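The values are calculated or read from the model by the stated rules, or taken from the named source; none is laboratory data. These numbers were taken from a predicted model, which means no experiment stands behind them. Using ideal geometry, Cβ is built from the backbone for each residue, glycine included, and neighbour counts are taken over all protein chains shown.
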Amino acid sequence: MKRSRFSAEQIIGILKEQQAGLGAKELCRKHGVRDATFYKWRSRYGGMEVSDARRLKALEAENAKLRNM
């Protein structure tokens, strides 16, 4: 799986820009991402804070580790 160019913290920052009033198309152009990627981020990280994203990442890592046992 390809590693993302953006960390969860950066993604949440981009989503907060959209909540502040910038349009999705403008943000996609500004950050160099596709519309589909932006909307996928919004469905996954929408409404999260940075601490929530860190906890989600830790849980996903733990689940992957347990699956490999």
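The table below lists the values:
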| read-out | value |
| --- | --- |
| From Arg29, Arg34, Arg67, Arg5, residue being at pLDDT below 90 and over 9 Å from the mean Cα position of the chain (by Cα) | Arg5 |
| Segment 57-69, residues that are over 17 Å from Arg3 (Cβ atoms), in a helix (DSSP H, G or I) and not small (Gly, Ala, Ser) | Leu59, Glu62, Asn63, Lys65, Leu66, Arg67 |
| Residue among Glu62, Glu17, Glu9, Glu26 that is of a type in the set (Asp, Glu) and either touching a residue at least 12 places away in the same chain (Cβ under 8 Å) or in contact with a Ser or Thr (Cβ under 7 Å, 6 or more places away or on another chain) (or both) | Glu9 |
